[in-house]
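These notes concern the structure reproduced below.
The values are calculated or read from the model by the stated rules, or taken from the named source; none is laboratory data. Model, not experiment: these values are computed from the prediction. Every residue, glycine as well, gets a Cβ built from its backbone with ideal geometry; the counts of neighbours run over all protein chains shown.
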């Protein structure tokens, strides 16, 4: 670094020492503004175009589920997700298919893990416990969460009706937290955006840039390229416009709960 120590670089580039260390170790990827400041302070600005191209290509990552599950168990994946969530101050989630993981009951989560197991040899008890441990972050006022789900997601039932009743009760309880907002898009509501798939938009990231997490059938995607993150921001905002929030959400959820209870 042209005779510049990591501590000096951190000060000159306006970055924390821990952030510089993580980038040097390869544990974190520098954002484009960070990369520019880094090269300026390292007297290597002539390499900006070359490294920018490489950084742009690495900003969006794809991990195939098959390979991912060979390297980590469901429980380990939950732990990795938890560690990442601790660095995020604002998390916005859209899910059209099921209740979000942070809102799931233990039984609902167990059934989700069982349905997701491609190997047949996962430890569901350990995975469920890690997911429940993750949910403790919902009670931390330093973190803000918003979840927008579809009516179909609230109605999706991986188990008996009484399991769904408990799940809806859990969601109703968490919706009372001051740092948690939950909304629903009813099936008969006019929507200006196509709900292609679920995603989580992570804003206000400690010592890092915003990023998006996307789970597909074949892979887990981490989207960090700024223009792509902005696409997800616009998508989320459009979907949110069609959602019932606050008292309207609570009333809608109560109707679904009554219906599920009548069938149990």
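Touching a helix residue (DSSP H, G or I) at 6+ places or on another chain (Cβ under 8 Å) and within 21 Å of residue 249 (Cβ to Cβ), is that true of residue 157? Spelling it out, residue 157 is indeed touching a helix residue (DSSP H, G or I) at 6+ places or on another chain (Cβ under 8 Å) and within 21 Å of residue 249 (Cβ to Cβ). Residues of the stretch 226-252 that are touching a residue at least 60 places away in the same chain (Cβ under 8 Å), buried (at least 18 other Cβ atoms within 10 Å of the Cβ), within 16 Å of the chain's Cα centre (by Cα) and farther than 14 Å from residue 95 by Cα: none at all. Per the conditions (1) surrounded by fewer than 17 Cβ atoms within 10 Å (Cβ to Cβ); (2) under 26 Å from residue 231 (Cα atoms), the sole criterion not satisfied by residue 148 is (1). For the stretch 205-220, taking the residues that are outside any strand (DSSP E or B) and touching a strand residue (DSSP E or B) at 6+ places or on another chain (Cβ under 8 Å), the one that is modelled with the lowest pLDDT is identified as 218. Quick check: anything in the stretch 135-142 surrounded by 15 or more Cβ atoms within 10 Å (Cβ to Cβ), free of Cβ contacts under 8 Å to residues at least 40 places away in the same chain and under 16 Å from residue 104 (Cα atoms)? For the stretch 135-142, residues surrounded by 15 or more Cβ atoms within 10 Å (Cβ to Cβ), free of Cβ contacts under 8 Å to residues at least 40 places away in the same chain and under 16 Å from residue 104 (Cα atoms): present. Out of all the residues in the stretch 177-200, is one or more assigned by TED's automatic domain parsing to the domain that holds residue 103 and assigned to a helix (DSSP H, G or I)? No: the stretch 177-200 contains no residue that is assigned by TED's automatic domain parsing to the domain that holds residue 103 and assigned to a helix (DSSP H, G or I). Does the stretch 145-162 contain any residue that is over 16 Å from the mean Cα position of the chain (by Cα), touching a residue at least 24 places away in the same chain (Cβ under 8 Å), under 25 Å from residue 88 (Cα atoms) and in a helix (DSSP H, G or I)? Within the stretch 145-162, one or more residues are over 16 Å from the mean Cα position of the chain (by Cα), touching a residue at least 24 places away in the same chain (Cβ under 8 Å), under 25 Å from residue 88 (Cα atoms) and in a helix (DSSP H, G or I).
Taking the condition of being in a strand (DSSP E or B) and within 14 Å of residue 236 (Cβ to Cβ), how many residues in the stretch 89-100 meet it? Show your work before the answer.
Taking the stretch 89-100 first, the residues in a strand (DSSP E or B) are 89-95.
Those left that are additionally within 14 Å of residue 236 (Cβ to Cβ): 90-95.
The qualifying residues number 6.
Matching residues to (1) touching a strand residue (DSSP E or B) at 6+ places or on another chain (Cβ under 6 Å); (2) surrounded by 19 or more Cβ atoms within 10 Å (Cβ to Cβ); (3) part of a strand (DSSP E or B):
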| site | (1), (2), (3) |
| --- | --- |
| 102 | no, yes, no |
| 125 | no, no, no |
| 170 | no, no, no |
| 203 | yes, no, yes |
